[in-house]
Each structure stands twice: as C-alpha cells, then as structure tokens.
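What follows is a set of notes on a single structure, which appears directly below.
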Amino acid sequence: MTEHSLWRFSRALHRAINERQLADIELMLDDEVEWAIYGPIDLFSFFGSRRGKAAVLEVIRQIGENLRVHRFDRESIMLGVDSAASMLRYSLTALDSNKPISLRIAHFARFKAGKLTSFRVLVDSFDLVEQTVGYPIHLPRIAV
C-alpha cells in the first residue's frame with residue numbers, strides 16, 4: 001500500500017512554513033490548484049482564496065514569514081482515495097511578537113495523481129482574533 005498524499009503534503013507544508021523549503025511543496029501542487037483559508041482577512045493577509053501554483057506558493061511563503069509551527073495534533077481525520085479531511089489543533093508562534101497562538105482548524109483536501117488540486121481551511125477565527133488582539137471579545141447578547 002502506498003502512502004496517502006495527505007501525509008506527504010502535510011510534511012512538505014510544515015517544512016515550507018518552518019524551514020522556508022518550498023521545493024517539496026511545489027512538486028505536490030497542481031498547476032491550477034485552488035486554495036482558500038477562511039478567516040479574518042483584515043488581520044491575516046494570507047487568508048482568502050487563491051488559484052494557481054505561484055499564488056499558493058506566495059501564500060505559503062507569507063505564512064512562513066509570520067508564523068512558526070511548533071506542534072499540531074490531529075483530532076480527527078477521514079481519508080478517501082484522493083481526498084482527506086481533518087480537524088487539527090495547532091500550536092504556533094507569531095514571529096513579529098513572539099506570541100504563542102493556539103489554533104483549531106478543519107481542512108478539506110483533494111488530490112489527483114498525487115498532486116493537490118483543492119485545499120480549503122476553516123479557521124476557528126473568533127478564538128484566533130482574541131489571541132491576536134490580546135483580550136477577550138464580548139459580544140452583545142442577542143436573545144435571552
């Protein structure tokens with residue numbers, strides 16, 4: 001049995017972010033890859049939708065310039081032949097402030113011939129914004 005594409009992609013992504021080694025991740029991206037990280041774009045310019053290998057590599061480069069991955073734990077995972085979905089908890093450091101960030105995400109990936117064709121990430125953005133601004137956000141009560 002061959003290794004699932006998700007495992008190779010995951011290793012290459014973390015190496016690209018932490019070590020600025022983009023060569024392995026570049027080989028895993030389809031030329032027309034669709035990439036989206038859903039979260040507060042005003043706080044993190046590398047969130048949002050991108051299309052194409054060059055645009056995705058630029059996003060990964062920007063993530064690496066802003067964050068360092070210390071640890072991630074898979075809370076749950078589902079693997080298909082050419083797809084994968086995971087719930088993950090990350091421990092990161094914001095490089096500009098050396099501030100620790102704990103983050104939960106869900107991701108959905110599709111592969112074709114071992115290359116990533118689609119990647120969607122949903123970020124627990126409320127918690128991320130509170131950690132980024134440094135204080136709890138109190139929302140008004142909508143209903144009693």
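The values are calculated or read from the model by the stated rules, or taken from the named source; none is laboratory data. Since the model is a prediction, treat every value here as computed from it, not as a measurement. All Cβ positions, glycine included, derive from the backbone under ideal geometry; neighbour counts span all protein chains shown.
Determine which single condition Phe72 fails, assuming it passes every other condition in (1) modelled with pLDDT under 90; (2) among the hydrophobic types (A, V, I, L, M, F, W, C); (3) more than 20 Å from Ala12 (Cβ to Cβ).
Phe72 satisfies all of (1) modelled with pLDDT under 90; (2) among the hydrophobic types (A, V, I, L, M, F, W, C); (3) more than 20 Å from Ala12 (Cβ to Cβ) except (3).
For region 28-39, give me each residue that is touching a residue at least 40 places away in the same chain (Cβ under 8 Å) and either farther than 24 Å from Met78 by Cβ or surrounded by fewer than 18 Cβ atoms within 10 Å (Cβ to Cβ) (or both).
Glu32, Glu34, Ala36, Tyr38
Hey, among the residues in region 113-136 that are small (Gly, Ala, Ser) and more than 13 Å from the chain's Cα centre (by Cα), which one's surrounded by the most Cβ atoms within 10 Å (Cβ to Cβ)?
The qualifying residue surrounded by the most Cβ atoms within 10 Å (Cβ to Cβ) is Gly114.
In region 64-81, what count of residues is obtained for those that are touching a strand residue (DSSP E or B) at 6+ places or on another chain (Cβ under 6 Å), loosely packed, with under 14 Cβ neighbours inside 10 Å and more than 21 Å from Arg120 (Cβ to Cβ)?
Residues flagged as touching a strand residue (DSSP E or B) at 6+ places or on another chain (Cβ under 6 Å), loosely packed, with under 14 Cβ neighbours inside 10 Å and more than 21 Å from Arg120 (Cβ to Cβ) within region 64-81 amount to 2.
Specify which of the listed residues (Ala54, Ala84) is modelled with pLDDT of 95 or more, surrounded by 15 or more Cβ atoms within 10 Å (Cβ to Cβ) and hydrophobic (A, V, I, L, M, F, W, C).
Ala84
Residues being under 15 Å from Gly39 (Cα atoms), in contact (Cβ under 8 Å) with a residue 40 or more places away in the chain and touching a Phe, Trp or Tyr at 6+ places or on another chain (Cβ under 7 Å): count how many of those fall in region 76-133.
5
Considering only residues of region 92-112 that are of a type in the set (Gly, Ala, Ser), surrounded by fewer than 17 Cβ atoms within 10 Å (Cβ to Cβ) and under 25 Å from Leu6 (Cα atoms), which is modelled with the highest pLDDT?
If we take residues in region 92-112 being of a type in the set (Gly, Ala, Ser), surrounded by fewer than 17 Cβ atoms within 10 Å (Cβ to Cβ) and under 25 Å from Leu6 (Cα atoms), then Ala106 is modelled with the highest pLDDT.
Looking only at region 9-27, which residues are loosely packed, with under 13 Cβ neighbours inside 10 Å and more than 22 Å from Ala85 (Cα to Cα)?
Residues satisfying the conditions are Glu19, Arg20, Ala23.
Got a sec? Which of Gly39, Gly52 is out of contact with any Lys or Arg (no Cβ under 9 Å at 6 or more places or on another chain) and more than 19 Å from Leu103 (Cα to Cα)?
Sole residue among the options that is out of contact with any Lys or Arg (no Cβ under 9 Å at 6 or more places or on another chain) and more than 19 Å from Leu103 (Cα to Cα): Gly52.
How many of the residues in region 87-144 are over 22 Å from Ser10 (Cβ atoms), in a loop (DSSP other than H, G, I, E, B) and not charged (D, E, K, R)?
12
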